[in-house]
Amino acid sequence: MTSPALLPISGRRIPTLNPGFSSFPHHRATLRLSEKFILLLILSAFITLCFGAFFFLPDSSKHKRFDLGLEDVLIPHIDPIKEGKHPGGHIIHGQGGHDEHRHREDEEHLRNKIRADHERALEEAKEKLKKSREELRAEIQTEKNKVAQDLKKKDSKLLPPVPMPKLVGIHDGDPGDPDVKEKRDKIREMMKHAWDSYRQYGWGHNELKPLAKKGHSTNIFGNSQMGATIVDALDSLYIMGLRDEFKDGQEWIEKNLDFSVNAEVSVFEVNIRFIGGLLASYYLSGQEVFKVKAAQLAEKLLPAFNTPTGIPWAMVNLKSGVGRNWGWASAGSSILSEFGTLHMEFVHMSYLTGNPAYYNKVMHIRKQLQKMDRPNGLYPNYLNPRTGRWGQHHTSVGGLGDSFYEYLLKAWLMSDKTDIEARKMYDEAIEAIEKHLIRKSNGGLTFIGEWKNGHLERKMGHLTCFAGGMFALGADGSQGDKAGHYLQLGAEIAHTCHESYDRTVLKLGPEAFKFDSGLEAVAVRQNEKYYILRPEVIETYWYMWRFTHDPKYRQWGWEAAQAIEKYCRVSGGFSGVKDVYSSSPTFDDVQQSFFLAETLKYLYLLFSSDDFLPLDSWVFNTEAHPLPVLHLANTTLSGNRVTR
Ligand code: DMJ
């Protein structure tokens, strides 16, 4: 049998010894697998022979070496104790009598063993030489498979078996009503077009350029090619019943997804899209591979927390573990929405791996934040991970702040409402936000502004529109019987965001819109007029639909779906548009991975029944990946049963 230890060499180039090949570079040929294999066997037999010859040297020459004081280095090569021959014994050279006699016996025994090994190796080599190329190839392949299998087993052994949380409502979601079903089928068809286009033109790349019909990526993924769209879209495929596509994606992940790459990635983005996506696929499908990959990736993110305060860097190199922050962030700061959006996935990682490190890291972030002064009770967007001090006192419920608030609420929901500390932080933060950032425009539209340079900027981002859904989701359980109030606030934000869509030519929302000088819910600057297939407005429609069943939310969702179909669909997928106020917009030529993960998923769920992924059993991460509520009352974070 071939020794597995020889296998890794099989891919290397070995200079040819075959006289039939010229030694000129242009004639130099790479040896074929089986030829290399035979050479290696002969080489290994030769090495064994040389090694054995050492023991036939006269004793005196070996003693001379020991006299040089190299015992510690050399003895292990022939130490019978290491060979397991004389447990508890030591060889003392230069002494006569019984010890010397025993030593000679040991050496004799060892020589015989080496001689026998050597002869067996030669016999095996001779046998191999008799075999045909095909037989040798088959043997090599069998060995390779075995090594791959062993590695796989080793990987999954890292993860202890933990009870699967109760998974409720993961099948179908047929809405019953044929008209609603037709809409749902249309969304499914859009998903298929987005996926098939990526499959055809961008497979394995992070994202797709639907007009250029080739792969695309951005700096959040470093220079990696990690198939972000595959990982991000997979649970949507599962939910929509696109099982062949799901299998295809799973196969790619099994064979190709490798995190040992020299790439500097965004900790936040990789967490919400990759770890979140893998976890959701694992819970929905039960396929172990997703859990194993999530665990491998999560481990790679841990070095990002090696900062003086434990507040992680924004970026980490997956290979070296070196972290740093974005150059544009105030005073070298980390970003609130980034380090504050790890909790859900990290708690699940501790649950599934039994490694408390993930849970400890995110709880440490929470503790750090609790210690700090908050201007007006608000959390600024920037925090320096070296000094532990805030950077600029900018506050936003949109970009740079948004999902931090979302994860406070969802930490509580995900813990089966036992993490009351998180709920308290959420309640206090929302109270401060309402007091200082939420206003009504002259035209009666409720908006959430941003705190900048000591005053309120009357501008709201598309990203901020997710907050309507968050207020509705957090209504139940809010302090002092304010549930109705928060549901109403959610409805008002949904209305404002719908207006931002309705006041455009394309009926698609701009990136940011103002409430100033007579302008209401419209973008002013050219660089705020784009729509990049974002989900937040549709996300809010879905939550509002679930909590109120007001048909206008389905109506608004359908309007958005039709506009996307009409203005963003191209033959190679779906593209963002640069100006929603222009009747002949240009495309940005990017099909974002979150379009498949979030926008289409929320639309599909909007036209599904409520018992499909019910909100008391599932909590959606900020990238719309559903994670089950962890009922930890009877189990620990590592899934073990609690003994009381
Ligand atoms: C998504 O990646 C996530 O929703 C994130 O929280 C912020 N926004 C993008 C999509 O717009």
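The values are calculated or read from the model by the stated rules, or taken from the named source; none is laboratory data. Just so we're clear, the structure is a prediction, and the values are computed from it rather than from any experiment. Every residue, glycine among them, receives a Cβ derived from its backbone with ideal geometry; neighbour counts consider all protein chains shown. The area values use the complete protein model at the heavy-atom level, side chains included, leaving out ligands, DNA and RNA. Shrake-Rupley method; radii C 1.70, N 1.55, O 1.52, S 1.80 Å.
With a 1.4 Å probe and all protein chains kept in place, how do Leu408, Leu632 rank by accessible area, largest first? Each step should come with its number before you reach the end.
Values: Leu408 10, Leu632 55 Å².
Sorted by accessible area, descending: Leu632, Leu408.
Return the FRET efficiency for the residue pair Ser583, Lys131: r is the Cβ-Cβ distance, R0 is 60 Å, and the value is rounded to the nearest 0.05. Working shown, then result.
Working: r = 73 Å, r/R0 = 1.21.
Efficiency, rounded to the nearest 0.05: 0.25.
Can you give the accessible area per residue of region 279-366, in Å², using a 1.4 Å probe?
Values: 2560 Å² over 88 residues.
Result: 29 Å² of accessible area for each residue.
Put a dot 7 Å past each Cα toward the Cβ at Asp117 and Glu182; how far apart are the dots in nm?
So the two model labels end up 7.8 nm from each other.
Relative contact order for region 571-615: what is it in percent, counting Cα pairs under 8 Å that are at least 6 residues apart? It would help to have the intermediate numbers written out before the result.
Details: 24 pairs, mean separation 11.6, N = 45.
Across region 571-615, relative contact order equals 26 percent.
In whole percent, and with a 1.4 Å probe on the protein chains, what portion of the accessible area of region 425-540 is carbon and sulfur?
Answer for region 425-540: carbon and sulfur cover 47 percent of the accessible area.
If you average the sequence gap of Cα pairs under 8 Å that are 6 or more apart and divide by the length of region 446-549, what percent do you get for the contact order?
Numbers: 165 pairs, mean separation 31.1, N = 104.
In percent, rounded to a whole number, it is 30.
What translational diffusion coefficient, in µm²/s and rounded to a whole number, does the Stokes-Einstein relation yield for region 485-609 at 20 °C and a viscosity of 1.002 mPa s, taking the hydrodynamic radius as the Kirkwood radius over Cα pairs? Write down the numbers at each step before the final one.
On the way: Rh = 14.8 Å.
Rounded, D is 145 µm²/s.
Could you please state, rounded to a whole Å, how far the C-alpha centre of region 336-382 is from the C-alpha centre of region 546-561?
Result: 33 Å between the Cα centres.
Check each of the trypsin sites (Lys or Arg not before Pro) in region 275-372 and keep only those in coil by DSSP with at most 15 other C-beta atoms within 10 angstrom; list them in order.
Values: sites: Lys291, Lys293, Lys300, Lys319, Arg324, Lys361, Arg366, Lys367, Lys371; in loops: Lys319.
For trypsin sites (Lys or Arg not before Pro) across region 275-372 that sit outside H, G, I, E and B with at most 15 neighbouring Cβ atoms in 10 Å, the list reads Lys319.
Shape of region 191-236 from its Cα gyration tensor (a ≥ b ≥ c, root eigenvalues): rounded if a/c is under 1.5, otherwise prolate when a/b > b/c, or oblate? Walk me through the intermediate numbers first.
Details: a/c = 2.23, a/b = 1.22, b/c = 1.82.
Judged from the Cα gyration tensor, region 191-236 comes out oblate (a/c at least 1.5, b/c at or above a/b).
Grab the other residues whose beta carbon is less than 12 angstrom from that of Leu413, score K and R as +1, D and E as -1, and report the net. Provide the component values of the computation, followed by the final result.
Values: positive: Lys410, Lys417, Arg423; negative: Glu406, Asp416, Asp419, Asp476, Asp616.
Here the count lands on -2.
Enumerate lysine pairs in region 213-322 that are 8 or more residues apart or on different chains, then count those whose Cα atoms are under 22 Å apart.
Counting lysine pairs in region 213-322 gives 12.
Could you tell me which of Gly509, Thr496, Asn527 has its Cα farthest along the dipole of region 493-544 towards the positive end, charges placed at Cβ (Lys, Arg +1; Asp, Glu -1), taken about the Cα centre?
Asn527
Would region 330-482 count as rounded, prolate or oblate if I go by the C-alpha gyration tensor, calling it rounded below 1.5 in a/c and otherwise prolate when a/b exceeds b/c, oblate otherwise?
Working: a/c = 2.03, a/b = 1.30, b/c = 1.57.
Verdict is oblate for region 330-482.
How would region 343-421 be classified by its alpha-carbon gyration tensor: rounded, prolate or oblate, with rounded meaning a/c under 1.5 and the a/b versus b/c comparison settling the rest? Display every interim value, and only then the final one.
Numbers: a/c = 2.19, a/b = 1.63, b/c = 1.35.
In terms of gyration-tensor shape, prolate.
Ignoring everything but the protein chains, give the 1.4 Å probe accessible area of Lys113 in square angstrom, nearest 10.
Solvent-accessible area, nearest 10 Å²: 80 Å².
From the convex hull of the Cα coordinates of region 246-350, what is the mean projected area in square nanometres?
Working: hull surface 27.7 nm².
Across all orientations, region 246-350 yields a mean hull projection of 6.9 nm².
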